[in-house]
Amino acid sequence: MELNRRITNTEAIAVRADVLLANSYPEYSRAALAKLFDMQKITKNLQPIKAGDKIQPNTEIVADINELAKKANVIPLPILYEDENVIVINKPTGIISHARGRYWDEASVASFIRDKTSGFSGERGGIVHRLDRATSGVMICAKNQSTLSMLQKQFSERKVHKTYIAIITGMLQPQDGVIDVPLARSTTEPNTFVPNKEGKRAQTEYHTIKTSGIYSQILLKPLTGRTHQLRVHLQYMKHPIVGDTLYKGEAADRLYLHATSLEITIPGKERKTFVAPLPTEFSEKMTC
């Protein structure tokens, strides 16, 4: 089926082409839609246009989204819990939460959810929150729009309690405490974050579980939800997570960060805690 859509600027002023496109396809990210301009899939009068081109009032553009609409690959994921409203999975390391940019056909948590329910379309369908690609552990996903809104509201209001297990080099001093260091996006490496007193407040509670002398296994409770928060905070403490080469951790076979539990209220007002077992390589690493 050809998925071409004629989009008309109904505003009284000129509007950028990428804004028109994003308004017409809210289920896709801006990054994914931008690829369509690079592929010359967005046209006006049969001629390819650029994302920043201004589209005059009552002017029409045509969007060919066949590439985005291709069904992403689906791989089986371990299910921890499932009912008619939610599905909770134990995300393996290396699996992306949802497609981004040129990765729209990559197997992801979102493609797994879409394969199990007809409640969503688009690359982010059912995704309530994200884990970094390299992080493993518990993720809760919605199977319908009302549940998605309910769960996302709890995240935004900080009514969700998450715990992580990490392995770091060395031993934190003190062994238990709270890291309270604001974070901001790096101006030199935009894919990373750095401590910055002008940034957003970020707090992480930590407890040392055990140490081998070389490594320590710690429990982390993010009290705020900043991107890369746990990873940046541990780098700031000069004890980066093992395998986190992005934040100066020692090279390893994986990022040793695992989302071990998540406490949240699901539809029916039932408060539940979901637990993802710790991968065996964590115990093996602590014997090194």
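The values are calculated or read from the model by the stated rules, or taken from the named source; none is laboratory data. From a predicted model like this one, the values you see are computed outputs, not experimental measurements. Cβ sites come from the backbone with ideal geometry, for glycine too, and all protein chains shown count toward neighbours. Surface areas here come from the heavy atoms of the whole protein model, side chains and all, with no ligands, DNA or RNA. Shrake-Rupley method; radii C 1.70, N 1.55, O 1.52, S 1.80 Å.
Using Cα centres only, tell me the gap between the stretch 157-212 and the stretch 1-68 in whole Å.
40
At a 1.4 Å probe radius, carbon and sulfur cover how many percent of the accessible area of the stretch 186-288? Intermediate results must be reported in sequence, preceding the final value.
Working: 2670 of 5310 Å².
The value for the stretch 186-288 is 50 percent carbon and sulfur by accessible area.
In Å and from the alpha-carbon atoms only, list the Rg and Dmax of the chain.
Cα only, the chain: 21.5, 69 Å (Rg, Dmax).
Only four residue types carry charge here, +1 at the Cβ of Lys and Arg and -1 at the Cβ of Asp and Glu. Report the dipole size of the chain about the Cα centre in Debye, rounded to the nearest 20.
Numbers: 39 positive and 30 negative charges, 100 e Å.
Charge dipole, the chain, about its Cα centre: 480 debye, nearest 20.
How much net charge surrounds ILE179 when only other residues with a Cβ under 13 Å from its Cβ are counted (Lys, Arg +1; Asp, Glu -1)?
Working: positive: ARG201, LYS221, ARG226, ARG231, LYS238; negative: ASP176, ASP180, GLU205.
After counting each charged neighbour, the total is +2.
Per residue, what accessible area does the chain have, given a 1.4 Å probe and all protein chains present, in Å²?
Per-residue value: 51 Å².
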